[in-house]
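Down below is the structure, laid out as structure tokens.
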Amino acid sequence: MPIRPAARPESAPPSAARTPSAAPGGSAPRTGRRTHAGARRPETAHPPVPPARRPRAAAPAPTPLLTVAGGQLVAAPRSAPASRGRRSRPSSNPYLRLLATPGARAFTAGNLIARLPMGMFSVSAVIMIAGARDSYALAGAVTATGLAATAVVAPFTARLVDRYGQARVAVPATALAVLGSLALVLCVHHDAPVWTLFAAYAATATTPNTGGMSRARWAHLHRGDPAALHTANSFEQAADELCFMLGPVLAATLCGALFPEAGTLVGAVLLMTGVLVFAAQRATEPPVTPRTRRAASPLRTPGTPALLAVFLATGAVFGALEVVSIAHAGGAILALQAAGSCAAGLVYGSLRPARDVHRRLLLCLAGMTTLMSLPLLAAAGSAALPVLALCLLLAGAATAPTMVTGMTLVQRATRPEQLNEGMTLAVTALLGGVAAGAAAGGWLVEHAGTVPGYTAPMTAAALALAVAGAGRRVLSRNPARTR
């Protein structure tokens, strides 16, 4: 009987095309060799051979780009070959890691441009008004009015930023402030009535807190990462010191080299440009948190009033030290105090964040109280100007760590949807302290001299330490909110 080859199933792979013979009638295929009795002796079973895998088709090579170089046709690959080297390790510098955050460099650049004029406007206004009206008293009164207006308006502007978003509020608010600066220039140039100077400079109070908005972005990008947030706060404080150190110098240079209105005009252009660049970075902007109920003011948060009192006393340190140092040795020496604070802030940001932030604040305030005694000792001993400069440099080393630690506590005590408002309240308290300290320091210099005047910043630092120590229990009861 002839043996027919088994039919190949349609689903069988090509490697299994030939199979053992099948019985007539389509029966199952039989295995084994035929014996003399017609029976079949089973053979040793062999494992089935797995089907051969088809080789994957190689990806088509990208079509080269054809170009002409030196009169010859040259083929160049469309993409550079992938690097087979090791992956680059993250930088050990915390500030480089911070700025490597996607979008961070763009909004930081815009914020620095917008923040630089903050140190220019007051100096420019004083030079411009005093030169045109021959009255430093009038110039000081106008700038003091603007500062008071800022203390009132800034928290409401920050509340609008929290409610509607940074870009939506910051741009029109800055436009109003710039119009106020331009109005002041026109009023001074055209010899307008005195009251118009006060009204125009008060209009600049709508300037948004650019430093607070930048800190809010860092808090949004690095929520849940205390180390990165600590570095970000230190970086922002160093940027504040740098802008307030360079701003007055730039304003005085422009007003002296060009014309008295140059400082205000350049500051207005920088402010508007920086805010536009900052607001354009929508990818890093914190999302607006919808409010289902009317949220209470951050002032009602337990521990916040004590923190604001600390900022008020700390501002008095800055204001008194500025006025007394100018009266004793001139304004140029203040740059050393700002430089010391800037350097200390950068070093402080590279350290690990404290586990007990309240205790760290007390240590910073104690250090600031101790270092503020150095200018007093130098002035009382009639030390040379380089010695006083060194004392101011050391005294400034405690201010940035104190501010960074205080701002960290404010961020932890404030609800995420009220972060801009909370930090603006802290800045407002600081500015109020600067005004009070400047007044106290000026009174002491006029009635007692510069040596007793240096007791004002040291006393204000001791007061801040006492307030922080008294409010530590309240601060400890307020749970930190990690974002």
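The values are calculated or read from the model by the stated rules, or taken from the named source; none is laboratory data. Computed from a predicted model, the values in this text were never measured in an experiment. When we count neighbours, we look across all protein chains shown, and the Cβ atoms used for this are built from the backbone with ideal geometry, even at glycine. Note: areas computed on protein heavy atoms with side chains; ligands, DNA, RNA excluded. Shrake-Rupley method; radii C 1.70, N 1.55, O 1.52, S 1.80 Å.
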Considering (1) in contact with a Lys or Arg (Cβ under 8 Å, 6 or more places away or on another chain); (2) polar (S, T, N, Q); (3) open to solvent by 20 Å² or more (accessible area, probe 1.4 Å), say which one Gln337 fails and leave the rest.
(1)
So how many residues does the stretch 360-375 have that are open to solvent by 20 Å² or more (accessible area, probe 1.4 Å) and in contact (Cβ under 8 Å) with a residue 40 or more places away in the chain?
5
Identity of the residue in the stretch 256-268, crowded, with 24+ Cβ neighbours inside 10 Å and of a type outside the set (S, T, N, Q), that ends up modelled with the lowest pLDDT:
Gly263
Would you call Met458 in contact with an Asp or Glu (Cβ under 9 Å, 6 or more places away or on another chain) and modelled with pLDDT of 85 or more?
no
Count - residues of the stretch 402-433 that are modelled with pLDDT under 85 and over 13 Å from Leu308 (Cα atoms):
7
Those residues that are part of a helix (DSSP H, G or I) and basic (Lys, Arg), I need them from the stretch 384-436; list them, please.
Arg412
Options Ala309, Ala378, Ala320: the member that is of a type in the set (A, V, I, L, M, F, W, C), open to solvent by less than 30 Å² (accessible area, probe 1.4 Å) and touching a residue at least 60 places away in the same chain (Cβ under 8 Å)
Ala320
